[in-house]
Structure formats: structure tokens, C-alpha cells
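One structure coming up, written as C-alpha cells, with questions to follow.
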Amino acid sequence: MSLPKINPTTTKAWQDLLEHFSRIQNVKMTDLFAKDANRANMFLIEWEDFYIDFSKNRITEETLALLLKLAEQVNLKEAIASQFSGNIINETENRAVLHAALRAPETETILVNGENIIPEIAQVKRNIKTFTNQVLTGKLMGFTGKAFTDVVNIGIGGSDLGPNMVVESLKYYKNHINTHFVSNVDGDHIHEVIKKINPETTLFIIVSKTFTTQETLSNAYTIKKWFLSHASEEAVSKHFVAVSAHGKIAEKFGILPDRVFPMWDWVGGRFSLWSAVGLSISLSIGYDNFEKLLKGAHKMDIHFKTADFDKNIPVILALISVWYNNFFEAESEAVIPYTQYFDRFTTYLQQAVMESNGKSTDRNGEPVNYQTGSIIWGRPGTNAQHAFFQLLHQGTKLIPADFIGFGESLHGNQDHQDNLISNFIAQTEALLNGKSKKEVIEELKLKGKTVEEIKTVLPFKVFEGNKPTNTIFIKKLTPESLGKLIALYEHKIFIQGVIWNIFSYDQFGVELGKELSQNILQDIKNNTFSNYDPSTANILKFYLKK
């Protein structure tokens with residue numbers, strides 16, 4: 001069974017939402033709270049160590065009911081079952097979409113082309129565990145007999161952003177291995193990494209599903225050349241491993257067959273950190289913690305599959321996002337984590353969300369007549385408060401925001417944690433309530449300002465408020481809680497794609513620029529010119545004159 005192919009704008013629920021929106025688009029959330037003393041409890045989901053408050057949104061009970069009707073009328077429940085069953089829901093590439101299978105227990109059965117894929121996944125996990133333990137205990141050593149101290153992950157896109165984000169997010173749990181990531185084909189980037197490592201004690205992981213990705217191979221061969229300036233060709237097999245669906249090509253690079261960890265075509269790159277792509281994660285935090293990451297994600301999978309939609313965290317957050325994107329015409333969403341460990345979390349989400357749902361053709365092959373996708377951006381608080389929060393508070397754009405916080409400090413500095421969480425809570429309160437003229441006048445009077453001074457500054461000190469936020473409050477940042485959170489956003493992406501009637505798991509838009517770059521590269525090498533538009537031709541001439 002493939003995904004349904006329903007234009008959401010043709011459903012009764014969508015038409016009802018349009019009419020409903022015309023009535024409540026200017027509603028004040030403070031008025032909604034004033035009218036309903038139970039609102040904060042009604043728009044709340046508590047699940048395991050997660051506390052999800054979505055009461056600070058421009059929604060009513062009727063809004064939520066209509067959004068849930070929309071989910072029903074686009075056959076979301078059937079779509080969820082289809083994905084988890086291994087059906088070919090990535091129709092444009094004729095593939096199943098089964099990153100959730102990577103964190104499923106060995107007792108499950110998931111069929112792809114009639115074959116149960118779980119035993120093979122379990123075997124790869126055992127291989128990751130064995131390899132990780134051998135590296136961490138020093139059983140596997142470099143060409144001079146020294147234990148490994150550093151790991152360099154060479155990949156790009158999902159082969160970099162996912163593991164890079166998790167390693168950074170779980171830095172508190174890291175062991176003695178120093179982990180580095182090389183992704184950008186910029187030679188300056190790669191040489192800055194090389195400056196930090198010793199060829200005798202560094203393990204390199206080349207991550208490429210096809211083992212043909214231009215940037216990854218360019219970086220891999222540059223690193224290999226540097227490595228061979230310190231070691232013999234025979235030493236390559238001791239220091240290089242691969243994660244790829246094309247082991248034979250990796251072997252030609254000099255990698256031993258048993259050092260090639262497989263990938264599968266039913267795992268998209270941006271959802272692949274749960275697979276052997278996460279080898280750098282396992283090496284950084286140990287296999288037991290990697291397994292906890294998978295366990296947390298699986299718990300969210302179960303919640304997503306089984307919870308009623310009105311208490312289903314990914315469903316609720318996805319529906320609210322559709323509400324703002326398609327009815328309020330909000331073009332972007334901010335994701336603001338209140339932990340410095342999440343410095344790369346929003347960057348990871350940018351690829352996951354925008355590469356998945358940045359589509360303008362529906363599942364029927366027709367141009368869409370409504371907005372899809374959201375622009376995702378943000379940085380950790382409290383730094384973000386001193387950067388772009390002015391725009392959130394007093395700008396002209398409506399920007400819904402997810403605030404993510406953790407109740408416990410990992411290092412135990414309670415004063416700092418209290419300060420951090422007070423900001424985390426206060427910002428959503430400020431975005432909700434704003435500051436009225438009356439409040440500003442009283443504040444300025446207390447500061448001894450004259451009537452004329454108050455009149456001059458008053459318009460600039462007023463905050464409209466009524467800015468929507470979700471609060472995702474988690475007890476503690478652990479490998480398991482991070483796994484739950486990542487899976488939550490993965491499922492949110494899937495739900496939005498179902499509602500928007502688009503294919504979320506292809507990314508043909510990434511390919512065109514890469515194809516054209518090969519033509520330009522050949523002209524650069526040969527100092528020749530193909531048939532370019534005048535602007536491109538002039539830019540190329542400028543470069544060749546350097």
C-alpha cells in the first residue's frame with residue numbers, strides 16, 4: 001500500500017479550517033487563557049520524561065478538533081501503518097522508508113521484498129559493538145602499534161550532520177576518543193582538521209552510501225594522500241573503514257571487506273544516524289550509550305504508532321505547524337534549545353525538514369497550490385536572546401517557536417541552571433503576554449520619567465505579545481532522551497509530508513547543482529568555456545584570472 005494521494009485543500013476539514021481561521025485569526029492568547037482556567041492543562045501532554053506545553057498557541061479546542069479531522073481525512077493513520085510496514089512509500093525512488101527499523105528490537109519482523117530485515121540490522125549492530133569495543137580497549141591499533149586517540153568522520157549531508165549533531169549533543173558522555181568531522185570540500189576546512197591529528201593514532205571513517213559522493217571522495221583522497229606521506233600503502237587498511245552500500249568500491253580504496261559497514265537503500269541519508277552511519281557516535285560515547293540512543297528513539301516510535309492523535313506528541317506538533325504555515329502563512333519556525341550542547345541541533349533539523357518537505361510537486365505529479373515546508377532556524381538560548389529575539393518580540397513577522405529545555409544540569413551547577421531555566425520559561429511568557437502601554441507607563445513613572453519623556457519613548461517600549469510557542473521540557477539530557485527528541489522531529493516531518501501530499505524522502509533538488517558543478521570543474525581544469533549564461537560566464541572568468 002502506497003501513501004494516499006489527497007490534496008489537503010479538497011478536504012472538508014481544510015475548508016472548515018479556512019472558515020474557522022477567518023473568525024479567530026486575530027484572537028489574543030491572553031484572552032483564551034482568561035476565558036478558560038483549564039487551558040494550560042488541556043493543551044498539555046506528559047509522556048515519560050517529556051512535558052509538552054502547547055497552550056501558548058493561537059488555537060482553541062475547535063482548532064484542534066478541526067486539525068485532527070484534517071489528519072483523519074488525509075488518511076494519516078493508514079499512512080503511518082504503511083511506513084512502519086515497509087511499504088514502498090518513497091515512490092519516486094521505489095524504496096521503503098525504514099529508518100525506524102534500525103532501532104526496533106530483534107523480536108520484530110519487518111519485511112522488505114519479502115525478506116525480514118531485522119536479523120541483518122541486528123548483525124550490523126553487533127559488528128558496530130565489536131568494532132567499537134576493540135578500538136576503545138586498544139585491541140585494534142594503528143600501523144605503529146599505538147592505540148587510537150582520534151576518529152575523523154568523512155561525509156557530507158546526512159553522513160555528517162546527524163552524527164556530528166549527536167556527538168556534540170552528548171559531549172558530556174564522551175570517552176577518551178576525540179572525534180572530528182570533515183564535510184565541506186573546502187580544502188582549508190580539511191587542513192584545519194589535519195593539523196589536530198596524528199596519523200599513527202587516527203582512525204578515518206568514510207561515510208558515503210554510493211561511495212561516489214564528490215565532496216566526500218575528494219576529502220577522503222586528500223586525507224589518504226596526507227596519510228601516505230607518513231605511512232605505507234599497507235597501513236591504509238588499519239586506519240580506514242567505510243560505511244557504504246557499495247563495499248566493492250570501498251575495497252578499491254584500500255579498505256578491508258570486514259571494515260565496510262553496510263547501508264541500505266531504504267534509509268535516507270538525513271535519517272541514517274541510527275545505522276552504521278552512527279559509527280562515529282558509538283566510538284565517541286561507547287556502544288552502550290549508542291544503544292540507549294536507539295532505545296529512546298524506539299520508545300518515541302511506539303508512542304507515535306499507538307497514542308491517540310489528540311495525545312500524540314509528533315501529531316500535535318505537526319498539526320500546529322501546518323496551522324501556522326498554511327493558514328497564518330508563517331514562513332519559518334524557530335527552534336531554540338536551552339542547552340549549549342545543542343549548538344548543532346537546529347542545523348541538523350534544517351536538513352531533515354527542508355530537504356524532506358521543500359517540495360512543489362504533489363504525490364499526483366501536480367504542482368501544489370498551497371505552501372509546503374518551513375524554513376527552520378535558531379540557536380541555543382540564552383545566546384539567541386542577545387541575537388535575534390528582538391525580531392521575535394517586536395518584528396513584523398509571525399514566527400512560531402519551539403523552546404527545548406532540560407530540567408537537570410549535567411555538571412550540577414544549580415545557580416547557572418536556575419538562571420538558564422528562568423530565561424527559558426520567561427521568554428515564552430514574554431512572547432505570550434508582551435507589554436501593554438499601561439504597563440510601560442507605570443514602569444517609566446517608577447523610574448521618574450516625565451510625561452514628555454514617557455510620551456516620546458512609549459511607542460517603542462510596547463510589546464504586542466501573542467507570539468506562539470511550544471515548550472518541550474525534558475527532565476535530563478541523556479542518550480535516551482535525545483533519541484526520543486530526534487525521533488519526534490522525524491515523525492513530525494513525515495506527518496507534514498502526508499498532509500501536504502508530497503514525497504518527503506527524495507531530494508532531487510540537491511542533484512542539479514552538483515551535476516552542473518562537474519561541467520564547471522572540467523572547464524576550470526581545462527581553462528575552457530562551455531555555453532553558460534552571461535552571469536555565470538563572467539564569474540568563471542573572474543575566478544580563472546586569480
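Values in this text are rule-based calculations from the coordinates and carry no lab data. The shown structure was predicted, so the numbers you read here are calculated from the model rather than taken from an experiment. All Cβ positions, glycine included, derive from the backbone under ideal geometry; neighbour counts span all protein chains shown.
Test of the criteria: in the range 280-314, which trypsin sites (Lys or Arg not before Pro) are in a DSSP loop and have at most 14 other Cβ atoms within 10 angstrom of their Cβ?
When the trypsin sites (Lys or Arg not before Pro) of the range 280-314 are filtered for loop state and at most 14 Cβ neighbours within 10 Å, nothing remains.
Now for a different question. Express in nm, to one decimal, how much length is gained between VAL510 and ASN38 on full extension, taking 0.36 nm for each residue of separation and deducting their alpha carbon distance. Don't jump to the answer; show the numbers that get you there.
Working: separation 472, 0.36 × 472 = 169.92 nm, distance 4.67 nm.
Extra length available between VAL510 and ASN38 comes to 165.2 nm.
Still on this structure, I have one more. State the dimensionless ratio Rg/Rh of the chain (Rg: radius of gyration of Cα atoms; Rh: Kirkwood radius).
1.00
Find out how many positive minus negative residues lie around ILE118, taking Lys and Arg as positive, Asp and Glu as negative, among other residues whose Cβ is under 9 Å from that of ILE118.
Working: positive: none; negative: GLU106, GLU108, GLU120.
So the surrounding residues net to -3.
Say R0 is 45 Å: what FRET efficiency, to the nearest 0.05, do LYS541 and LEU410 get from their beta-carbon distance? It would help to have the intermediate numbers written out before the result.
Values: r = 54 Å, r/R0 = 1.19.
Once rounded, the FRET efficiency stands at 0.25.
Going Cα to Cα from LYS12, which lysines come in below 18 Å? Please leave out same-chain ones fewer than 8 positions away.
The reachable lysines, counting only those whose Cα sits under 18 Å from LYS12, are LYS69, LYS77.
Let me ask something else about it. Express the Stokes-Einstein translational diffusion coefficient of the range 114-291 in µm² s⁻¹, to the nearest whole number, given a Kirkwood radius over alpha-carbon pairs, 4 °C and a viscosity of 1.567 mPa s. Before the final figure, lay out each step's value.
Values: Rh = 16.0 Å.
Rounded to a whole number, D works out at 81 µm²/s.
With label points built 7 Å along Cα→Cβ from the Cα atoms of LYS449 and MET141, find their separation and express it in nm.
Between LYS449 and MET141, the label points sit 7.2 nm apart.
Then there is this: Residue separation times 0.36 nm, minus the C-alpha to C-alpha distance between GLU464 and ASN519: what's the value?
Stretched fully, the GLU464-ASN519 segment lengthens by 14.6 nm.
Now for a separate question. I want to check the label-to-label distance for ASN383 and SER530. Put each point 7 Å from Cα in the C-beta direction and report it in nm to one decimal.
Label-label distance for ASN383 and SER530, simple model: 3.9 nm.
Trypsin sites (Lys or Arg not before Pro), restricted to the range 95-161: which are DSSP loop and have at most 16 other Cβ atoms within 10 Å? Don't jump to the answer; show the numbers that get you there.
On the way: sites: ARG95, ARG103, LYS125, ARG126, LYS129, LYS139, LYS146; in loops: LYS139, LYS146.
Answer in residue order: LYS139, LYS146.
Summing Lys, Arg as +1 and Asp, Glu as -1, what charge do residues with Cβ under 11 Å from the Cβ of ARG95 carry, ARG95 excluded?
Result for the local shell: -4.
On a 0 to 90 degree scale, rounded to 10, what angle separates helix 158-169 from the longest Cα axis of the chain?
70 degrees
Which loop GluC sites (Glu not before Pro) in the range 234-339, with loop taken from DSSP, have no more than 14 other Cβ atoms within 10 angstrom of their Cβ?
Taking the range 234-339 and a limit of 14 other Cβ atoms within 10 Å, the loop GluC sites (Glu not before Pro) found are GLU329, GLU331.
Now a separate question. For the chain, give me the percentage of DSSP beta bridges that are antiparallel, rounded to the nearest 5 percent.
Just about 30 percent of them are antiparallel.
Where Lys and Arg each count +1 and Asp and Glu each count -1, what net charge lies around SER2 among other residues with Cβ under 9 Å from its Cβ? Could the numbers behind the result be given before it?
Working: positive: LYS5, ARG363; negative: GLU91.
Net charge around SER2: +1.
Considering only C-alpha atoms, what is the centroid distance from the range 254-312 to the range 341-403, in Å?
Result: 24 Å between the Cα centres.
When only C-alpha pairs under 8 Å and at least 6 residues apart count, what is the relative contact order of the chain, in percent? Please list the in-between numbers first.
Values: 871 pairs, mean separation 101.6, N = 546.
Reported as a whole number, the value is 19 percent.
Turning to a different aspect of this structure: Using alpha carbons only, how many degrees (0 to 90, rounded to 10) separate the axis of helix 12-24 from the longest principal axis of the chain?
50 degrees
Please give, to one decimal in nm, the separation of the simple spin-label points placed at LYS248 and TYR51, each 7 Å out from Cα toward the Cβ.
5.7 nm
Can you say what percent of the DSSP beta bridges in the range 68-185, counting only those with both residues inside, are antiparallel? Round to 5.
45 percent
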